[in-house]
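Shown next, in structure tokens, is the structure this report addresses.
Values in this text are rule-based calculations from the coordinates and carry no lab data. Quantities reported herein were computed from a predicted structural model and do not represent experimental measurements. Cβ coordinates were reconstructed from backbone atoms using ideal geometry, including for glycine residues, and neighbour counts include every protein chain displayed.
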Amino acid sequence: MIVNEKQVQQVVISHIGGFAWPTVLLLATCVGVYGACVWHLVIDPHFSWWVVAGIAFCAYAAYTPVHDGVHGAITGMSITLRWVNEWAGVIASQMLGISFIAHRRGHLLHHRATNHPEDDPDMAFSAKSLRAVIAMWFKGIPKEWMFAVTFKHFTAAEKRTVVLEYVAIFMTRALLLIYCADLGATLVTLALGHIIGNAVLTTLFAWIVHHPHSEQERMKTTTVYQARHGLDAVMTLLWGYQNYHAVHHLYPKVPFFRYRRLYRMLEPYLLSSGVPVKKLI
């Protein structure tokens with residue numbers, strides 16, 4: 001029985017582990033899928049829902065390598081491999097159309113001030129009604145762009161990198177629009193794919209896990225969602241493990257695919273500490 005913080009930290013360190021190969025595999029999968037979708041847009045003028053689905057998948061799934069990269073969770077306890085976190089994050093962020101460096105600044109602010117009405121950048125996702133949730137689906141990328149433009153505490157090196165990231169984002173999109181087989185089909189495909197992917201991402205990753213966005217006590221800022229009747233493993237996989245997002249907020253160096261296992265080991269301690277849990281399905 002885990003009863004104190006020292007025992008908890010020992011368990012957490014064991015779950016940080018070594019190199020997070022599943023995160024890198026997910027990134028490689030997203031690069032492959034996104035590349036195949038782009039190639040289709042270049043050679044085939046016909047609209048395809050399969051391509052929309054592929055881009056939507058990447059718009060959702062590619063955020064996980066970004067997220068793990070922000071927290072240095074890809075390389076575990078390694079010091080010499082820390083650069084992998086940044087490069088993985090930059091590559092994944094290019095697919096999302098955002099700056100990794102700017103997002104890292106904003107996301108770490110979110111961790112320091114979770115659910116604070118003024119200091120948490122993710123309060124943009126604190127929707128209280130269905131209409132607000134739908135509006136939220138269109139806020140993700142614009143919020144990132146605005147943060148990159150308005151944040152006043154970047155270092156000089158960070159500013160240069162943010163500019164280079166956005167130059168790369170806009171140049172690659174411009175080249176695709178120039179060389180695509182059909183401009184209209186390409187624009188509709190990209191727009192639909194990113195809107196659908198962002199809707200899923202903001203709903204599952206930012207909104208529901210922090211709803212109602214009012215609790216600021218460390219152990220209570222984020223809710224765990226579990227499934228009944230033995231379906232929890234399936235739901236967790238489909239959710240990208242973010243139904244255990246509370247584990248991430250408490251122990252951000254742990255890679256995403258170990259959230260559920262860590263929660264199960266710490267469950268009595270977490271429940272006694274006030275971590276909220278809801279049962280679905």
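Across the stretch 76-86, computed HN-Hα scalar couplings (Karplus, 6.51 cos²θ - 1.76 cosθ + 1.60, θ = phi - 60°) run x, 8, 6, 8, 5, 9, 4, 4, 4, 4, 5 Hz from first to last residue, x flagging Gly and Pro.
Estimate the FRET efficiency between Thr29 and Met219 by the formula 1/(1 + (r/R0)^6), using the beta-carbon distance for r and 30 Å for R0, to the nearest 0.05.
Numbers: r = 34 Å, r/R0 = 1.13.
That gives a FRET efficiency of 0.30.
Of the trypsin sites (Lys or Arg not before Pro) in the stretch 224-258, the ones in a loop by DSSP (not H, G, I, E or B) with at most 15 other beta carbons within 10 Å are Arg228.
Residues in the stretch 233-246 carry Karplus couplings, in order, of 4, 5, 4, 4, 5, 5, 7, x, 6, 7, 5, 9, 4, 4 Hz; the curve used is 6.51 cos²θ - 1.76 cosθ + 1.60 with θ = phi - 60°, and Gly or Pro positions show x. About its Cα centre, the chain has a charge dipole of approximately 480 debye under the convention of +1 per Lys or Arg Cβ and -1 per Asp or Glu Cβ, with nothing else charged. Loop-located trypsin sites (Lys or Arg not before Pro) in the stretch 62-117 (DSSP state other than H, G, I, E, B) with a sparse environment of at most 16 neighbouring Cβ atoms within 10 Å are absent. Projecting the Cα atoms of Asn198, His249, Leu26 onto the charge dipole of the chain, computed from C-beta unit charges around the Cα centre, puts His249 farthest toward the positive end. In sequence order, the stretch 103-110 has phi-based couplings of 5, 4, 4, x, 5, 5, 5, 4 Hz under the Karplus curve 6.51 cos²θ - 1.76 cosθ + 1.60, θ = phi - 60°, and Gly or Pro positions carry x. Ignoring the sites themselves, the chain has its longest run without GluC sites (Glu not before Pro) in a DSSP loop having at most 14 other Cβ atoms within 10 Å at 1-117.
What is the helix-to-structure angle for 156-179, meaning the angle in degrees between its Cα long axis and the longest Cα principal axis of the chain, kept from 0 to 90 and rounded to the nearest 10? Here the helix axis deviates by roughly 50 degrees. Using a Gaussian network model on the chain with a 10 Å cutoff between Cα atoms, which of Leu192, Leu175, Leu250 fluctuates the most? Its mean-square fluctuation being the largest, the pick is Leu175. Between the amide H of Ala227 and those of Asp232, Leu280, distances stay under 5 Å, these residues lying 5 or more places away or on another chain, with hydrogens modeled in the peptide plane.
From most to least packed by mean Cβ count within 10 Å, the peptides 177-186, 50-59 give 50-59, 177-186.
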